[in-house]
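Comments concern the structure below.
The values are calculated or read from the model by the stated rules, or taken from the named source; none is laboratory data. None of the values given here were measured: they were computed from a predicted structure. All Cβ positions, glycine included, derive from the backbone under ideal geometry; neighbour counts span all protein chains shown. Accessible surface areas use protein heavy atoms only, side chains included; no ligands, DNA or RNA. Shrake-Rupley method; radii C 1.70, N 1.55, O 1.52, S 1.80 Å.
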Amino acid sequence: MGKGKQRVRVKQVGPKNPAAANPLAGLAVPPEDLIQPPRRGDPSATIPWPITVSAMDTSTFITIYPTYIDSTKTLKQGRRLPAAQSVPSPCILDLSDACRSLSLRHVVQPWKGFSRDVESRWYNPGRVKVDLSSANAATKLEMLKEIALTIPLMASRKKRVEEKKLH
């Protein structure tokens, strides 16, 4: 009879001194010194305006994402207005301030993201829900145009754009 294939078992032996196992262990940063990312807020959090109203039924409100009026985005990414009528890189604070200046009832939802534009979900999150019945506009598109016309005139927007240019 012939010999069958025999396997050899090799026992692995590690170093006897566990501290010598990793020569770079001394360079490790302790967990308390690591930079912690900001905590993500509650996705269902809402901030109503006017503040005097404690709760609003937002089921009839229309939703406006900053991407809708962002001139740096394409139509495929979700821009709803022509680029000439849009605003470069608006944020939800700009949208909220514009709604305030137009005296529109609205709710800010800072942790929501626009699903079609992945980049805006990370770098420009949030949305504003606006009560169309409190507006002079008859349609959502007309309201977007009003808001886009208001944003460049706001002092807070001008200040933010100037600070961004300096950095």
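Just to check your reading of the model, which residue among 72, 67 is under 17 Å from the mean Cα position of the chain (by Cα) and open to solvent by 70 Å² or more (accessible area, probe 1.4 Å)? On inspection, the qualifying residue turns out to be 72.
Only one entry in 77, 12 is assigned to a loop (DSSP other than H, G, I, E, B), modelled with pLDDT of 80 or more and open to solvent by 30 Å² or more (accessible area, probe 1.4 Å), namely 77. Taken together, 121, 127, 100 contain a single residue that is farther than 19 Å from residue 153 by Cα and at pLDDT 90 or above, which is 127.
For segment 18-64, residues that are at pLDDT 80 or above and surrounded by 15 or more Cβ atoms within 10 Å (Cβ to Cβ) total 5.
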